[in-house]
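The values are calculated or read from the model by the stated rules, or taken from the named source; none is laboratory data. Only a predicted model underlies this, so the values are computations on that prediction, with no experimental measurement involved. Because the Cβ atoms are built from the backbone with ideal geometry, glycine has one as well, and the counts that use them run over all protein chains shown. Quick note on the areas: whole protein, heavy atoms, side chains included, nothing else; ligands and nucleic acids left out. Shrake-Rupley method; radii C 1.70, N 1.55, O 1.52, S 1.80 Å.
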Amino acid sequence: MVTAADLALMKPTAVMVNTSRAGLIAPGALEAALRAGRPGLAAVDVFEEEPVLSAQHPLLALDNCVCVPHLGYVERDGLEQMFSTIFDQILAYAGGKPINVMNPEMRQASARAKV
């Protein structure tokens, strides 16, 4: 865990980036550190309490912190491909021929039990 003392050791020119888990930084420590100027900047896509439903979140009010949703992996082509794949799987299941079944033996056992 990154503590307030750890953050205070950072240079005013340093940038703290957390795109992993908010719990890696002690609660309230990043806000206090940014207000003190060490580190000078931060970028986060994770927050102590999620989802962030209010513009009143303290990090959102800081000019030296870039806050974005935890969606860094999403890009248009990948998202469209994912939804296309999911849609194909739903249609196949609804048509009685499911695809990408992880445990087909359970489906077979369930079909035998219905007979």
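With helices as the sole contributors, the chain gives -11000 deg cm²/dmol at 222 nm; each DSSP H run of n ≥ 4 counts as -39500 (n - 2.57), and the sum is divided by every residue. Between helix 76-94 and the chain there is an angle of about 30 degrees, using the helix long axis and the longest principal axis of the Cα atoms.
Taking 10 °C and 1.306 mPa s as the conditions, I'd like the Stokes-Einstein D for the range 9-103 in µm²/s, using the Kirkwood hydrodynamic radius from alpha carbon pairs.
98
Tell me, what is the per residue accessible area of the chain in Å², probe radius 1.4 Å?
74
Its relative contact order, with pairs defined as Cα atoms under 8 Å and 6+ residues apart, puts the range 1-51 at 49 percent. Taking only protein heavy atoms and a 1.4 Å probe, the accessible area of the chain is 61% carbon and sulfur.
Sorting the segments 47-57, 96-106, 20-30 by their mean number of nearby beta carbons within 10 angstrom, highest to lowest, gives 20-30, 47-57, 96-106.
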